[in-house]
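> Following this message is one structure expressed as structure tokens.
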Amino acid sequence: MTSLTMIARVTDGLPLAASVQEDEKSGRDLQHYQSQAKQLCRKLDAQSPERCTLEAGDMSFHYLIAQDVCYLFLCEASFAKRSAFAYLEDLRGEFNGRYGRRVAAVTRPYSFIEFDTYIQKTKKSFVDRRAPRNFGSINTELQDVQRIMVANIEEVLQRGESLSALDTKASNLTSLSKKYRSDAKYLNTRSTYAKVAAVSVFLITLIIYVRFWWL
Amino acid sequence: MSAPGFTHLNSSVSYGQNPTPNGCQNGPGQTYQSMHPPAGCYGAPPQQQNYPTIPALPTSVPNKAPATNSAHGANYYWSNQQQHHHHHQQQHHLSQHHVAPSPYNASLSSDAPSQPYATVPSSAPPPSNAHYNQQPLQQHPPYAPSGRYYGPQAYHAPPAPPPPEQQQQQPSLVPAPAVGPGAPIHPIVSYPSAPGSSQFGTLSSFQNAAAHGVMPTQMGAPLHQYSNPRPASTAAVGQPGPTVNGQGSTGHKHYDQSHQASLSYDPYGGVLHGGGGADRPPSGTPSNSVHSSPGHHQGGDTSSSSTGSASPVPNNYDNLEGGSYPDSMPPSDHMTNQAAPYGSYGYPGMPPAYHQGPASLANASPSHEPYGQSGYQPYSQPFPSMSQLSTALGGLSGVPELEVEALRPVNLLQEKNLLPPRALEAPEPNLSPELRKVNCSPQSFRCTLTSIPQTQALLNKARLPLGLLLHPFRDLQQLPVITSNTIVRCRSCRTYINPFVTFLDQRRWKCNLCYRVNDVPDEFMYNPVTRSYGEPHKRPEVQNATVEFIASSDYMLRPPQPAAYLFVLDVSHNAVEAGYLKYFSELLIDNLDKLPGDTRTRVGFLTFDNTIHFYNLQEGLSQPQMLVVSDIDDIFIPSHDSLMVNLKESRELVKDLLTSLPGMFSHSKETHSALGPALQAAFKLMSPTGGRVTVFQTQLPTLGAGSLQSREDPNQRSSTKGVQHLGPATDFYKKLALDCSGQQIGVDLFLLSSQYSDLASLSCISKYSAGSVFYYPSFHHTHNPAQLEKFQRDVERYLTRKIGFEAVMRIRCTKGLSIHTFHGNFFVRSTDLLSLANVNPDSAFAVQMSIEDSLADSSLACFQAALLYTSSKGKRRIRVHTLCLPVVSQLSDVYAGADVQAITCLLADMAIDRSLTSSLSDARDALTNAAVYLLSAYKSNVSNLQQSGLVLPASMRLFPVYILALLKQKALRTGTSTRLDERVFAMCEFKTQPLQQLMRMVHPDLYRLDDMSDQGALLLNHTLVPQPHLLHLSAERVRRDGAFLMDCGNVFYLWIGKSCSDVFIRDVLGCSSYASIPENMRHIPELETVLSERVRAFLDWLQDKRSFCSSVHVLKDEASAKAPFFQRLVEDRSEAASSYPDFLEHLQQQMP
């Protein structure tokens, strides 16, 4: 099964650990998803929902945020959501215990890449249906997964972009309206001049007429 | 390009022919430029001028291909005016498949599928030489990328071959200026399996010419070819496609700005830097890791000053390392520059004073003195008025006395003692003291000419090759490691900030490679070493020429891979006979903890004879499980996650397996070897992660894909006629190696074979996947203890040495210089990006350069090599070396700065290429001619001494000795019985060994040990290390009553003369007399005598400087034993080669 697990710091999206499993049979290009995952981690912030599932075609991103660390799991959309979040919970517990205190201080990406070993093992136990632990863990984690928000990955990734697009449009509007205003002023003055000119021509004609023909 | 088929004259492109013109040019494929006829070499300009006058013959198709090799051929023929050669040429074009360097290939090479992570077919970065863009041919749309480098191509040869005129017509389409410095070198990649038949019209014709006796004296053109260096980057230009980083569009503009800026010299930069050298932070600590203020955590996105901000996630390695050049360089700029070298071709005779030799040098430039005193700021940027002055004087600003010594004319026929007393050091570049202090160590980065000639014309005149020798991943004692959110790089050429940039003011710095002015980011203002603010010029990046950056996640396409090692072991009958398995297993068990890696390290094992055996080492098993796959035609992996296992978790199982492995096959009768399928299995097993595959092979592969036949005729071993089969017999190994390289798998080959095993074919698996090759001829665990010992030492070093994974390297140089040929083991991904699946500290690289544009407007030339790799601990790091050299305008300065060792090594690389693409005798002639041409060039241009005889500047005085030594090497010798495999292995070593090691192999150091004195000895760690004098490699220096040590790089020979003093024998060897010295003595006993201590201290000191442990062989003065010693006395006559005096005489006869 193709999957991708990534753990990142929420404050700046710095990746802390990751594990990639490619399935040569499916031949899916994980590279695309990896870059999406990276972007997603950068987009997330303290205001993001704590648990969320994002759909990306026939794959789904499940993520969980706890103690400023985001746990992200990419798997096939058919994979049970409940198992996915139980798996993330498991990772959270272990990761927090091992590295929780050092998370804020690190600057190097993938500082805790050695966590990969644990991720792989845990994932195997969750993915493998026959593993006895699987049922037990799911049963204990009786959380209401229905309430977990579902969104589309594209929307999330493009949320920022649409805002900035809106911003540029607004500023465009501002500058356009300014231009309109100045144009209008200019036109006004011009028409005023035209009127004044017309009136004065008429008056001069009148004066000349009166001066030469009436007298 | 309206008629693609037509341009690709005869090229039905198939994989082996390297459709990427620059893509896979290592190995034999790279030598185009070396294959020009002599006419095109040194004496080029007059003939070149014919070039534009060639009438554009009518063609039916608008042919806009870049001047291809055929263009070159045309040039050649034209100059010879021999119509019948057209015929030959055409024949050659027909018989060989080659790919014209058309932009089709550009699209091919740029999205070469070897890029596993790339999702976006990104446009390859345009080459650094910009004038390419001028050519009309770049305008057509990219050909639909077929996606596989060896995939079927949509275009095929036209049914009817075009008339030769067609080929002639091409040059006329090239803008005339391009003919000068930028004329074609043709990135046509020759197909190595046909060594005799050259891809190159020129060469084949050249051979014809020789055969016809037309130009007998020009046989063997010099290896370096100056006149027509079109950069190999031809192809990747082209479509102004989307640069992923989105910087392309701005490139042009910035560029222009930088040029304007270069006119406005800001003295502040110089002032700012005046004291730079003096205030260097103490850097004695190994790795002073620098962390910048943690307050800058906005990192991530903002650091995109280093990768471009349009797309936060780079999509392939090109962009990772940041090769994204702006798409358009200002053509106008180049138009003017291009013509310059040509105009200056006639280089109006030097001022007479310069002909006076060294004595008059100081007088020749009286203004030199004030210059030196005026506190010349090395950081000052070239601006027009200053440039003339500085270039004229730059070469002399350093230490004149050194220079004078380097230029002292040496008459080779009279002076007999040419060797310096101590091992030859690299010449110091003639720079100001501050720059010299920060310059890159010559061991990491070395240039053949430490004074760069200003123009190509000057370089041609000097008749020396221009190139760089790199040893980028060398084990270093001290290396500043920088952790920073922002890696400061030039926005247009992506150069990393380095000690040779100029700070215009606090907020701006000027790139020393492209002269663009960049902003200094905020973070860079803080200096973490001194904890001060506002001193960007004191940051460690600007204080050290070799630094290592911890890369941000922008430099990663995927999470850093774990260290992964797969061992592929031959267990056929032959292997069991040789008995290596036991020793290998023992060594691996002993070194299991020393394998570089962390807790993620993965290992796997795979054995093969006529079937492939996998080993399940999954944690929790009680013992290893063997899985046998006998279907070698369609290999599959029996289990997915249990074959490559975590070393830490499955440690006991791995040990179990290694302990039982030697016994498991001890009764094997299977003589066949399915190496090809085993390699395919290894590839499948490793492709998810990448890593290192280590192959042990003991015989010719006989089964399945990649099986080979014996090609060596033992009777031809000593033939002088020419050596056949230096190239691979099949492209299977190369294809597989390219696949491996794409998946970040490096393959290292240990060949332990007593029989011919076709190393020429097998070595391709390592050559193109950036691996290394080890060869142990006639290895046997009991019959050949010397080889066994060497094997053990090598394997131990091999297992424990540093390793870098998923690496790429890019070499950048100052605008005007361009790199056209690479030597070493790697895969050239896009024009100048070397893809190294693995990088190890023992392999070196070499590149050849040409001068595209005149360097007259700068006084310094800089070179930067950046190596991006993942360490075995999963850290992504960038190691950056920057070398700075002066630019000179006088020929004498060029000679004064010549680095004879570097030149020899580069020539050796070029000779290897030549012997693969052309023939061995051709390569040998070319080497001889290199010496002849240098001698005559020096005679006619610099030395005005009317003495007859052979005169060279002192800096080059050893050149003929080295050339002679090269000619006597296994790789290049003829007439002496040499096994084909040994010859091929020697060639591989030439290509990959670092300079010091290679020089010791070519020209061993000879010392006399029995009369060492403490005079001049070094005191290291309370041990006195004596420094005996170097001796010439001639039997007349070797005396019966002495003991001599020969240091051959990978082995020491201690030769004891028959009448050597008993004191030495007793005190050093612990034997009572000469007669009691045992036959196969391989170590120096640790005796408590002064003499023994001295000898051991000296040996240890020599040993310290190399990575692989060399063994000591004690040889007695007996006919049976002394052969290896006397064979290496290269100045003596041997059975098939002349002595040094004879060689000099030969050179003198050859001189015009």
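> For the range A:7-38, give me each residue that is within 8 Å of another protein chain (Cβ to nearest Cβ), at pLDDT 85 or above and more than 21 Å from A:LYS123 (Cα to Cα).
Hits for the range A:7-38 are A:THR11, A:ASP12, A:GLY13, A:LEU14.
> Would you confirm whether any residue within the range A:57-70 is surrounded by 22 or more Cβ atoms within 10 Å (Cβ to Cβ), within 14 Å of chain B (Cβ to nearest Cβ), within 23 Å of the chain's Cα centre (by Cα) and farther than 20 Å from A:VAL127 by Cα?
Yes: the range A:57-70 contains one or more residues that are surrounded by 22 or more Cβ atoms within 10 Å (Cβ to Cβ), within 14 Å of chain B (Cβ to nearest Cβ), within 23 Å of the chain's Cα centre (by Cα) and farther than 20 Å from A:VAL127 by Cα.
> Could you please find all residues in the range B:430-440 being in a loop (DSSP other than H, G, I, E, B) and either over 17 Å from B:VAL887 (Cα atoms) or under 21 Å from the mean Cα position of the chain (by Cα) (or both)? Explain how you work it out, then say what you get.
Step one: filter the range B:430-440 for residues in a loop (DSSP other than H, G, I, E, B), giving B:430-432, B:439-440.
Passing the criteria: B:ASN439, B:CYS440.
> In addition: Which pairs do you get when a residue that is at positive phi, found in the range B:736-751, comes within reach of a residue that is assigned to a strand (DSSP E or B) and not β-branched (Val, Ile, Thr), reach meaning Cβ atoms under 9 angstrom, with the pair 6+ apart or on two chains?
Once the first residue is at positive phi and sits in the range B:736-751, its partners that are assigned to a strand (DSSP E or B) and not β-branched (Val, Ile, Thr) give B:GLN744/B:GLY691; B:GLN744/B:PHE805; B:GLN744/B:GLU806; B:GLN744/B:ALA807; B:GLN744/B:SER835; B:GLN744/B:ALA837; B:GLN744/B:ASN838.
> Going residue by residue through the range B:553-570, is there one that turns out to be more than 14 Å from every other protein chain (Cβ to nearest Cβ) and not hydrophobic (A, V, I, L, M, F, W, C)?
Initially, the range B:553-570 is screened for residues more than 14 Å from every other protein chain (Cβ to nearest Cβ), giving B:565-570.
Now narrow it down to the ones that are not hydrophobic (A, V, I, L, M, F, W, C): B:565, B:570.
Yes, because at least one residue in the range B:553-570 is more than 14 Å from every other protein chain (Cβ to nearest Cβ) and not hydrophobic (A, V, I, L, M, F, W, C).
> Now, a different point. Which one of these does B:SER532 not meet: (1) away from chain A (no Cβ under 14 Å); (2) in contact (Cβ under 8 Å) with a residue 12 or more places away in the chain; (3) not charged (D, E, K, R)?
Unmet for B:SER532, out of (1) away from chain A (no Cβ under 14 Å); (2) in contact (Cβ under 8 Å) with a residue 12 or more places away in the chain; (3) not charged (D, E, K, R): (2).
Here is a yes/no grid of residues against (1) crowded, with 24+ Cβ neighbours inside 10 Å; (2) over 26 Å from B:LYS437 (Cβ atoms); (3) touching a strand residue (DSSP E or B) at 6+ places or on another chain (Cβ under 6 Å):
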residue: B:VAL888; (1), (2), (3): yes, no, no
residue: B:ASP893; (1), (2), (3): yes, no, no
residue: B:LEU906; (1), (2), (3): yes, yes, yes
residue: B:SER918; (1), (2), (3): yes, yes, no
residue: B:THR928; (1), (2), (3): no, yes, no
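> What tally of residues in the range B:972-1000 results from selecting those that are under 24 Å from B:GLN724 (Cα atoms) and part of a helix (DSSP H, G or I)?
Total satisfying the criteria: 13.
> Is there a residue being under 38 Å from the mean Cα position of the chain (by Cα), touching a residue at least 40 places away in the same chain (Cβ under 8 Å) and either in a strand (DSSP E or B) or crowded, with 19+ Cβ neighbours inside 10 Å (or both) anywhere in the range B:1076-1095?
At the first step, the residues of the range B:1076-1095 found to be under 38 Å from the mean Cα position of the chain (by Cα) are B:1080-1084, B:1094-1095.
Now narrow it down to the ones that are touching a residue at least 40 places away in the same chain (Cβ under 8 Å): B:1080, B:1082, B:1094-1095.
The next check asks that each one be either in a strand (DSSP E or B) or crowded, with 19+ Cβ neighbours inside 10 Å (or both); those that pass are B:1094-1095.
Checked the range B:1076-1095: at least one residue is under 38 Å from the mean Cα position of the chain (by Cα), touching a residue at least 40 places away in the same chain (Cβ under 8 Å) and either in a strand (DSSP E or B) or crowded, with 19+ Cβ neighbours inside 10 Å (or both).
> Hey, among B:ALA770, B:ALA807, B:ALA786, B:ALA846, which residue is touching a residue at least 60 places away in the same chain (Cβ under 8 Å) and part of a loop (DSSP other than H, G, I, E, B)? Can you show your working first?
Values: B:ALA807 fails: part of a loop (DSSP other than H, G, I, E, B); B:ALA786 fails: part of a loop (DSSP other than H, G, I, E, B); B:ALA846 fails: part of a loop (DSSP other than H, G, I, E, B).
Exactly one of B:ALA770, B:ALA807, B:ALA786, B:ALA846 is touching a residue at least 60 places away in the same chain (Cβ under 8 Å) and part of a loop (DSSP other than H, G, I, E, B), namely B:ALA770.
> For the range B:849-892, which residues satisfy the criterion of being within 30 Å of B:SER552 (Cα to Cα) and not in a strand (DSSP E or B)?
Start the filter on the range B:849-892 by keeping residues that are within 30 Å of B:SER552 (Cα to Cα), which leaves B:861-884.
Hits for the range B:849-892 are B:SER872, B:LYS873, B:GLY874, B:LYS875.
> Of the conditions (1) buried (at least 18 other Cβ atoms within 10 Å of the Cβ); (2) more than 26 Å from B:THR689 (Cβ to Cβ); (3) not hydrophobic (A, V, I, L, M, F, W, C), A:SER83 satisfies every one except a single condition; which number is it?
For A:SER83, the exception is condition (2).
> In the set B:ARG973, B:ARG1008, B:ARG1000, B:ARG979, which member is in contact (Cβ under 8 Å) with a residue 24 or more places away in the chain and more than 31 Å from the chain's Cα centre (by Cα)?
Numbers: B:ARG973 fails: more than 31 Å from the chain's Cα centre (by Cα); B:ARG1000 fails: more than 31 Å from the chain's Cα centre (by Cα); B:ARG979 fails: more than 31 Å from the chain's Cα centre (by Cα).
After ruling out the rest, the residue left standing is B:ARG1008.
> Let me ask something else. All but one of (1) β-branched (Val, Ile, Thr); (2) in a loop (DSSP other than H, G, I, E, B); (3) more than 14 Å from every other protein chain (Cβ to nearest Cβ) hold for B:ILE637; state the number of the condition that does not hold.
(3)
> Name the residue that is surrounded by the most Cβ atoms within 10 Å (Cβ to Cβ), counting only residues in the range B:442-490 that are within 14 Å of chain A (Cβ to nearest Cβ) and hydroxyl-bearing (Ser, Thr, Tyr). Break it down stepwise before answering.
Restricting attention to the range B:442-490, the residues satisfying the condition of being within 14 Å of chain A (Cβ to nearest Cβ) are B:481-487.
If we keep only those that are hydroxyl-bearing (Ser, Thr, Tyr) too, we end up with B:483-484, B:486.
Working: B:THR483: 16, B:SER484: 26, B:THR486: 18.
Among residues in the range B:442-490 that are within 14 Å of chain A (Cβ to nearest Cβ) and hydroxyl-bearing (Ser, Thr, Tyr), the one surrounded by the most Cβ atoms within 10 Å (Cβ to Cβ) is B:SER484.
> Can we say B:VAL900 is under 30 Å from B:LEU418 (Cβ atoms), among the hydrophobic types (A, V, I, L, M, F, W, C) and either within 14 Å of chain A (Cβ to nearest Cβ) or touching a strand residue (DSSP E or B) at 6+ places or on another chain (Cβ under 8 Å) (or both)? Spell out how you get there, then give the answer.
Numbers: under 30 Å from B:LEU418 (Cβ atoms): yes; among the hydrophobic types (A, V, I, L, M, F, W, C): yes; either within 14 Å of chain A (Cβ to nearest Cβ) or touching a strand residue (DSSP E or B) at 6+ places or on another chain (Cβ under 8 Å) (or both): no.
It is false that B:VAL900 is under 30 Å from B:LEU418 (Cβ atoms), among the hydrophobic types (A, V, I, L, M, F, W, C) and either within 14 Å of chain A (Cβ to nearest Cβ) or touching a strand residue (DSSP E or B) at 6+ places or on another chain (Cβ under 8 Å) (or both).
> Moving on. Looking only at the range B:875-907, which residues are of a type in the set (A, V, I, L, M, F, W, C) and over 17 Å from B:LEU458 (Cβ atoms)? Can you show your working first?
Step one: filter the range B:875-907 for residues of a type in the set (A, V, I, L, M, F, W, C), giving B:878, B:880, B:883-885, B:887-888, B:891, B:894, B:896, B:898, B:900, B:902-903, B:905-907.
Within the range B:875-907, B:ILE878, B:VAL880, B:LEU883, B:CYS884, B:VAL900, B:ALA902, B:CYS905, B:LEU906, B:LEU907 meet the criteria.
> Could you list all residues from the range A:71-87 that are away from chain B (no Cβ under 13 Å) and modelled with pLDDT of 90 or more?
Correct list: A:TYR71, A:PHE73.
> Identify all residues within the range B:891-912 that are farther than 16 Å from B:PHE445 by Cβ, over 12 Å from the mean Cα position of the chain (by Cα) and not hydroxyl-bearing (Ser, Thr, Tyr); write none if there are none.
B:LEU891, B:ASP893, B:VAL894, B:ALA896, B:ALA898, B:VAL900, B:ALA911, B:ILE912
> Out of everything in the range A:97-122 that is out of contact with any helix residue (DSSP H, G or I) (no Cβ under 6 Å at 6 or more places or on another chain) and not in a helix (DSSP H, G or I), what residue ends up being farthest from the other protein chains (Cβ to nearest Cβ)?
So the residue we want is A:VAL103.
This table checks each residue for (1) farther than 27 Å from A:ILE113 by Cα; (2) more than 11 Å from chain A (Cβ to nearest Cβ); (3) out of contact with any helix residue (DSSP H, G or I) (no Cβ under 8 Å at 6 or more places or on another chain).
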| position | (1), (2), (3) |
| --- | --- |
| B:VAL542 | yes, yes, no |
| B:ALA578 | yes, yes, yes |
| B:LEU595 | no, yes, no |
| B:THR599 | no, no, no |
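> Criterion first (part of a loop (DSSP other than H, G, I, E, B) and either modelled with pLDDT of 90 or more or more than 14 Å from chain A (Cβ to nearest Cβ) (or both)) does B:HIS667 satisfy it? Working first, answer last.
Values: part of a loop (DSSP other than H, G, I, E, B): yes; either modelled with pLDDT of 90 or more or more than 14 Å from chain A (Cβ to nearest Cβ) (or both): yes.
Taking the combined requirement at face value, the residue satisfies it.
> Return the residue satisfying two criteria in turn: it lies in the range B:773-783 and is in contact (Cβ under 8 Å) with a residue 12 or more places away in the chain and out of contact with any strand residue (DSSP E or B) (no Cβ under 6 Å at 6 or more places or on another chain), and of such residues it is nearest to B:PHE805 (Cα to Cα).
Applying the first criterion (in contact (Cβ under 8 Å) with a residue 12 or more places away in the chain) to the range B:773-783 yields B:773-782.
Adding the requirement that they be out of contact with any strand residue (DSSP E or B) (no Cβ under 6 Å at 6 or more places or on another chain) leaves B:777-778, B:780-782.
Working: B:PRO777: 30, B:SER778: 32, B:HIS780: 33, B:HIS781: 33, B:THR782: 36 Å.
Taking the candidates together, the pick is B:PRO777.
> Tell me yes or no: at least one residue of the range B:446-453 is among the β-branched types (Val, Ile, Thr) and over 22 Å from the mean Cα position of the chain (by Cα).
To start, the set of residues in the range B:446-453 that are among the β-branched types (Val, Ile, Thr) comprises B:448, B:450, B:452.
From the residues that got through so far, the ones that are over 22 Å from the mean Cα position of the chain (by Cα) too are none.
Within the range B:446-453, not a single residue is among the β-branched types (Val, Ile, Thr) and over 22 Å from the mean Cα position of the chain (by Cα).
The rows are residues; the columns are (1) β-branched (Val, Ile, Thr); (2) modelled with pLDDT under 90; (3) surrounded by fewer than 24 Cβ atoms within 10 Å (Cβ to Cβ); (4) over 30 Å from B:GLN454 (Cβ atoms).
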| site | (1), (2), (3), (4) |
| --- | --- |
| B:GLN724 | no, yes, yes, yes |
| B:ALA729 | no, no, yes, yes |
| B:LEU738 | no, no, no, yes |
| B:SER766 | no, no, no, yes |
| B:TYR775 | no, no, yes, yes |
| B:ARG797 | no, no, yes, yes |
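The values are calculated or read from the model by the stated rules, or taken from the named source; none is laboratory data. On a predicted model such as this, the values are computed, not experimentally measured, just so you know. Using ideal geometry, Cβ is built from the backbone for each residue, glycine included, and neighbour counts are taken over all protein chains shown.
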